[in-house]
Amino acid sequence: QVQLVESGGGLVQAGGSLRLSCAASGRTFTMGWFRQAPGKERELVARVNRSGGDTYYADSVKGRFTISRDNAKNTVYLQMNSLKPEDTAVYYCAGTTMFSADYAYWGQGTQVTVSS
């Protein structure tokens, strides 16, 4: 079982930046960042394959967020720029195994709050 630990959340003013990190205890394949705001469903924000060569972004964050990974460190990052109040949510990282596209591993979440 791979453990995922997120860090880097916090309070930032609108227009500011944060970088989230997700450290994995073992090998992961596709990694994703999800978020869930109060009263809303969890949504996929960004995803990256193992090589880092294939990424996906939700329309709401395209051009502002960048997902990357360092496989030597078993760590995935989410650089968030030009933050908006609507980006406020708990952010979770998740990872798949090599056997399935389902996200088998989840972190505990980190709070991101963007003030207007």
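Assorted remarks:
- Spin-label model distance (nm) - Ala101 vs Ala14, 7 Å beyond Cα toward Cβ: 3.7 nm
- Per residue solvent-accessible surface (Å²) - segment 20-116, probe of 1.4 Å: 50 Å²
- Each 5 Å bin from 0 upward holds the following percent of the Cα-Cα pairs of the chain: 2, 13, 24, 26, 19, 10, 4, 1, 0.
- Relative contact order of segment 33-73, pairs being alpha-carbon contacts under 8 Å that are 6 or more residues apart, as %: 29 percent
- By the rule of a C-alpha distance below 16 Å, with chain neighbours fewer than 8 residues away ignored, the aspartates and glutamates paired with Lys73 are Glu6.
- A simple rule links phi to the HN-Hα coupling: the Karplus curve 6.51 cos²θ - 1.76 cosθ + 1.60 with θ = phi - 60°, which for segment 110-116 gives 9, 7, 10, 10, 10, 8, 8 Hz, with x for Gly and Pro.
- Between segment 40-67 and segment 1-39, the C-alpha centres lie 12 angstrom from each other.
- Sparse-neighbour loop sites [GluC sites (Glu not before Pro); segment 32-110; at most 12 other C-beta within 10 Å; DSSP]: Glu41
- Working from the Cα coordinates of segment 38-99, the gyration tensor eigenvalues give, after taking √(5λ), semi-axes of 22, 14, 11 Å in decreasing order.
- Using a probe radius of 1.4 angstrom, the carbon and sulfur fraction of the accessible surface of the chain is 46%.
- Taking trypsin sites (Lys or Arg not before Pro) in DSSP loop conformation with at most 16 other Cβ atoms inside 10 Å as exposed sites, the chain has its longest uninterrupted site-free stretch at 74-116.
The values are calculated or read from the model by the stated rules, or taken from the named source; none is laboratory data. These numbers come from a predicted model, not from an experiment. Neighbour counts are summed over all protein chains in view; Cβ atoms, including those assigned to glycine, are modelled from backbone coordinates with ideal geometry. Remember, those area values only see protein heavy atoms, side chains included, never the ligands or the DNA or RNA. Shrake-Rupley method; radii C 1.70, N 1.55, O 1.52, S 1.80 Å.
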